[in-house]
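The values are calculated or read from the model by the stated rules, or taken from the named source; none is laboratory data. Since we're looking at a predicted model, the values are computed, not measured. FYI the Cβ positions are ideal-geometry reconstructions off the backbone, even for glycines, and counts take in every protein chain you see. Side chains are part of the model used for accessible areas, which takes the heavy atoms of the whole protein and leaves out ligands, DNA and RNA. Shrake-Rupley method; radii C 1.70, N 1.55, O 1.52, S 1.80 Å.
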Amino acid sequence: MRNLARLTMVFVVLWVVSNVFAQQISLAIKFQHIPFGVGIGASGLMAADLDRDGKDEIVAGASGGSTFGANNYWYVLKRQGDGLEMVYVSSQYASPITSVRVADITGNGRPEILVASGNTIYAYDCCDFREVRRTTTSASEILALNVADVDSDGSLPLNR
C-alpha cells in the first residue's frame, strides 16, 4: 500500500512538472514567433491614444537581429480584435535609440512620437509618422529623454 501511495505521488508530481514544462515550451515557441524584434522596450514602451479612437496604441523601441542589444528601430502596435497589429515600423537608426517617448510638443493637441538617437531628438507625427521636427544637440549622445510640464501651466516648453 505504501509503495502504491509513493508511486501515485510520483506520478502526480511528474504530471504537474510535465504540464508546467509543456506550458513553458508553448509560451517560448509563441514568443519566438512574434515579429516585434528583441530587446523590446529597452529604450521606451509607451501607451497613448495616437489616432484619437479612444484606445491606446503602443509605441516601443526594439533591436533587430536575434540577440538582445541596443534598440535601433521603433514601431507602433494597434489593438485589432484579440491581438495587436504592427501598423508602423521605422527604418533602422545608425546610432542606438536611447529613448522613445510620446508627448504633444507642437501644441496641436495631438502627441508626437519622440526618439532620441545619438545626439539628435526626432519628433514624428502620431498619425502618418512623418518627421515633424529634428533637434541636434552639441552632446555626443543623449542618454535619456523625459518630457514634462515643469511649470504646471498646461503647456510644454517645447511648443511655446
### Query
Mind checking which residues of the range 21-62 are modelled with pLDDT of 85 or more and open to solvent by 30 Å² or more (accessible area, probe 1.4 Å)?
L45, M46, A47, D49, D51, R52, D53, G54, K55, D56, I58
### Summary
Of the residues in the range 63-91, those that are among the polar types (S, T, N, Q), open to solvent by 40 Å² or more (accessible area, probe 1.4 Å) and under 17 Å from G41 (Cβ atoms) come to T67
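In contact with a Leu (Cβ under 7 Å, 6 or more places away or on another chain), open to solvent by less than 50 Å² (accessible area, probe 1.4 Å) and at pLDDT below 90 - does that describe any residue in the range 128-146? Steps first, answer last, please.
Keep residues of the range 128-146 that are in contact with a Leu (Cβ under 7 Å, 6 or more places away or on another chain), which gives 145.
If we keep only those that are open to solvent by less than 50 Å² (accessible area, probe 1.4 Å) too, we end up with 145.
Still in the running and at pLDDT below 90: 145.
Yes - at least one qualifying residue is present in the range 128-146.
I'd like to verify a number: residues in the range 68-98 that are small (G, A, S), over 19 Å from K55 (Cα atoms) and either outside any loop (DSSP other than H, G, I, E, B) or in contact (Cβ under 8 Å) with a residue 24 or more places away in the chain (or both), how many? Talk me through it step by step, then tell me what you get.
Kept after step one, since they are small (G, A, S), are these residues of the range 68-98: 69-70, 81, 83, 90-91, 94-95.
Checking which are over 19 Å from K55 (Cα atoms) leaves us with 69-70, 90-91, 94-95.
In the following step, the residues that additionally are either outside any loop (DSSP other than H, G, I, E, B) or in contact (Cβ under 8 Å) with a residue 24 or more places away in the chain (or both) were identified as 69-70, 90, 94-95.
The total comes to 5.
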### Query
Within the range 99-121, can one find any residue that is over 16 Å from the mean Cα position of the chain (by Cα), part of a strand (DSSP E or B) and surrounded by 15 or more Cβ atoms within 10 Å (Cβ to Cβ)?
yes
### Query
For the range 48-65, what are the residues that are assigned to a strand (DSSP E or B) and of a type in the set (G, A, S)?
A48, A60, G61, A62, S63
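Does L114 meet the test of being over 30 Å from D153 (Cβ atoms), without any contact (Cβ under 8 Å) to a residue 40 or more places away in the chain and not β-branched (V, I, T)?
The answer is no for L114.
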